[in-house]
Protein chains: 2
Amino acid sequence: MVVKSIRWGILGTGKICQDFASAVGATDGAELYGVAARDFTKAQDFAKNFNVTHAYESYEALAESDVDVVYVGTWHTLHEAHVMLCFSKGKNVVVEKPMAVNAAQARRMVAAARRRGLFLMEAHWTRFMPAVKEAVRAVEANEIGEIVAVLSDFGYLFGGEKAHMNQFRPEMAGGALLEIGCYPISAAFHFLSSVSGLGPPVTVVASGTTELGVDVSAGVVLKFPRGRVATLGYSYLGELPEQTTIIGSRGRIVLHNPGHCPTKVSIVTLAGQRNEYQTETKEYPLPKLEGTLNCPNSEGLVYECAAVGNLLRAGKKESDVVPLDESVHMAEVMDSVRHQVGVVYPADGLLSRMSAGRPWLQPTALGIFLLLTGAAAGAVLKRR
Amino acid sequence: MVVKSIRWGILGTGKICQDFASAVGATDGAELYGVAARDFTKAQDFAKNFNVTHAYESYEALAESDVDVVYVGTWHTLHEAHVMLCFSKGKNVVVEKPMAVNAAQARRMVAAARRRGLFLMEAHWTRFMPAVKEAVRAVEANEIGEIVAVLSDFGYLFGGEKAHMNQFRPEMAGGALLEIGCYPISAAFHFLSSVSGLGPPVTVVASGTTELGVDVSAGVVLKFPRGRVATLGYSYLGELPEQTTIIGSRGRIVLHNPGHCPTKVSIVTLAGQRNEYQTETKEYPLPKLEGTLNCPNSEGLVYECAAVGNLLRAGKKESDVVPLDESVHMAEVMDSVRHQVGVVYPADGLLSRMSAGRPWLQPTALGIFLLLTGAAAGAVLKRR
């Protein structure tokens, strides 16, 4: 049987686009069809370096080309515009995480994909790593009992000239949450919302700290239905353990450092008494890719790329590993975290801006509103 | 030089009292002078089993005896009464953690100790373990740079007949927070409040779940001054990794499982690039004790016992490893956590009971109060 080759377009030429192109180049049934940049020279250089068949001088030209699917790897403040551009030309899209700057954008993108019957997926590549799939298998095989909690973290020391980096600009939707905090949140959703079938969290609490108007470090607690709790941490201030632990009633699973793209998983099962464990550790070496990659373990992007190919060939419009509703829910959680930590972007609404960092303001405002309404109603009645 | 022997009294005969008596028996310069129980037969049996010189038929009789210091190891709802009893007879006290059911009790005990010039310490024995002292040494020697975050957790699967256990009775101040959640909170305070010199946290957020009216699982985020964040988890629903990680700007320190009484510490220092580490792991085997112990690593109680002996011989009224102000602050944090998770005890105040689980109620109530006060003042002024 001849497998239909998927023609990929790469929208953007930054570091993650480079790594993704390398991955497409190494994936069976995937073809590097086109690349586009705002600067045509950059697209031409990229095409030469990564053996991409066509270089386009605009994003629009790429969206109008014969690609089957576009990988949108631009800065996240541009995602909505670029995803919508691709949709307007009838193209399927994989969009880098975070899909959106806030939930309103995510909802618009998801609605557009569904309205047009196009494929859309947020690029949570972690979930396609074999170590993570092994964790899912073990959970589904009931090896650790029912999942009761998730602990996950991601952090590194941000060492650059902060004032000059997009990561530290509110107007660029900077901050550690959207860049790295999205990984622990995705891990919590993956195991507690999807795999456990519990759906989105019922409450979100967070506390953290800001620099130059963006979040640099925080802790997040998500409470899912049935009292399942995810305790998550992220930081630009130091190297966290970068580990995800899925706790079950009869054991736990550890996705080892680097937990945002792990190659090693331990399944720890209780063997009788407390503190008596049986540990089975499995390693999943990464495939070899040509050239130098920018990000750690980017070889693992081939798993995501292959999975998307299979979905497209099967005519699917959405991945059940990274469902679209979940992407919206994750964006909602990130809105709430930012709000509680006190970070607002120009793209956020007015009430968000007023009450960011003061999560009690909204209910207090509601209380005062109800009181005034009641008093006004009373006065009207009295006058009659 | 002859070291003055410290005469210990044990108030209570439960599991932790047994383990503490074994530790006193194995500590140089410590003497098992007396034990008291409500049931005299129990005190006599205990005295025989642990070679305690005197058995007393009441707690009062022990407090009136010639002991230098009393270890109060009764159930935590009784701590305040028993500590106060010892103080009334002029005795120094080490009180099991949690020192108190709530901050009001802790404040009263600390005030009484200071007023009477007596020694008081909450038994946070973790801090006296050599592995933890090594972590403190490494921090103070600046081996991991400035501390920026702490991650800590403790959880086990509570397997008993819940409905019949004190741990699941609000009137017995049950719940996982006071029994095991106090350990991650203590770890956060130890490294971020004391060792870093930052003082108590500025905000506390928590979310968790309850069963039978007590908390069974939660995540807690403490924000300390200078934006340092501690992300903590505890649970009765499954075995958590039971690990404490102290993250610095140039490395991290891991206190390995069982993190609430660790014997192994890893000092991980950055060696150039991200994800390039140098790890030094040190183990501190426990001393051998006679007989069977009830709790994991209870041999480590000898370190706490020896430290208290040194403090008493030096005429100190307080430990600078577990300062009294910190015990009060920890009790305040635990009050806040319970409040947010929705657990109230009969010993808590009315406002706590009204607003537990609704942390926005207090500011809303304040907002309405201020509004009404303003309206009333306006009306009075207008009438004039």
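Read-outs throughout are calculated quantities, based only on the coordinates presented, and are distinct from any laboratory measurement. Small disclaimer: the values here were computed from a predicted structure and weren't measured. As a convention, Cβ positions derive from the backbone with ideal geometry for all residues, glycine included, and neighbour counts pool all protein chains shown.
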(message) As a footprinting exposure proxy, order A:R252, A:R108, A:R38 by other Cβ within 10 Å, with the fewest listed first.
(response) A:R38, A:R108, A:R252
(request) With an 8 Å cut-off on Cα pairs and a minimum separation of 6 or more residues, tell me the relative contact order of chain A in percent. (result) 18 percent
(request) Along Cα-to-Cβ, 7 Å out, sits the label point; list in nm, shortest first, how far the one on B:A111 is from those in the other copies. (result) 5.8
(request) Output the Kirkwood hydrodynamic radius of the stretch A:253-321, Cα pairs only, in Å rounded to one decimal. (result) 14.8 Å
(message) How large is the direction-averaged shadow of the alpha-carbon convex hull of the stretch B:182-237, in nm²?
(response) 3.8 nm²
(message) To make sure I understand, if each residue's beta carbon is the centre and we count other beta carbons within 10 Å, what order do B:C261, A:C305 fall in, fewest to most?
(response) B:C261, A:C305
(message) If each label sits 7 angstrom from Cα along the C-beta direction, how far apart, in nm, is B:E60 from its counterparts in the other copies?
(response) 9.3
(message) Please list 3J(HN,Hα) in residue order for the stretch A:217-225, calculated via the Karplus relation 6.51 cos²θ - 1.76 cosθ + 1.60 where θ = phi - 60°; whole Hz, with x for glycine and proline.
(response) 6, 7, x, 9, 10, 10, 9, 8, x
(message) As a test, work out the antiparallel percent of DSSP beta bridges whose residues both lie in the protein assembly as shown, rounded to the nearest 5.
(response) 60 percent
(message) Can you sort B:K15, A:K48 from fewest to most other Cβ atoms within 10 Å of each residue's own Cβ?
(response) A:K48, B:K15
(message) Going by Cα centres, the stretch B:201-227 and the stretch A:153-214 are how many Å apart?
(response) 19 Å
(message) Please list, by residue number, every one of the chymotrypsin sites (Phe, Trp or Tyr not before Pro) in the stretch A:91-175 that is coil in DSSP and has at most 14 other beta-carbon atoms within 10 Å.
(response) none
(message) Can you give the log10 of the normalised intensity I(q)/I(0) at q = 0.16 Å⁻¹, computed with Debye over equal Cα scatterers of the stretch B:141-287?
(response) -0.89
(request) Tell me which residues come under 5 Å, amide H to amide H, from A:L240 once H is placed; ignore anything under 5 positions away on its chain. (result) A:G155, A:Y156
(request) Only Lys, Arg, Asp and Glu count, each charged at its Cβ (+1, +1, -1, -1), so figure out the dipole size of the protein assembly as shown about its Cα centre, rounded to 20 debye. (result) 2600 debye
(message) How are the alpha carbon pair distances in the stretch A:6-124 distributed across 5 Å bins from zero to the largest one, expressed in percent?
(response) 2, 13, 25, 26, 19, 10, 4, 0
(request) Over the residues of the stretch B:66-131, compute the C-alpha Rg and express it relative to 2.2 N^0.38 Å. (result) 1.07
(message) Taking every alpha carbon pair in chain B, what does the distance histogram look like in 10 angstrom bins from 0, in percent?
(response) 5, 22, 31, 25, 11, 4, 2, 1, 0
(message) 7 Å along Cα→Cβ for the label point: how many nanometres lie between A:G90 and each equivalent label in the other copies, listed shortest first?
(response) 9.7
(message) Rounded to the nearest 20 debye, what is the charge dipole size of the stretch A:1-127 about its Cα centre when +1 sits on each Lys and Arg Cβ and -1 on each Asp and Glu Cβ?
(response) 480 debye
(message) Above 14 Å lies some portion of the pair distances; for the stretch A:93-156, what is it as a whole percent of all C-alpha pairs?
(response) 72 percent
(message) Can you report the principal axis dimensions of the protein assembly as shown using only the alpha carbons, biggest first, rounded to whole angstrom?
(response) 92, 79, 48
(message) Report, in listed order, any pair from B:K89/B:K162; B:K91/B:K162; A:K91/A:K223; A:K162/B:K223; B:K223/B:K282 with a Cα-Cα distance greater than 26 Å.
(response) B:K89/B:K162; B:K91/B:K162; A:K91/A:K223; B:K223/B:K282
(message) Restricting to DSSP H runs of at least four residues, report the calculated mean residue ellipticity at 222 nm for the protein assembly as shown, -39500 (n - 2.57) per run over all residues, nearest 500 deg cm²/dmol.
(response) -10500 deg cm²/dmol
(message) Under 15 Å from a point placed 7 Å out from the Cα of A:K89 along the Cα-to-Cβ direction: which residues of the stretch A:15-50 have their backbone N that close?
(response) A:33-40, A:43-44
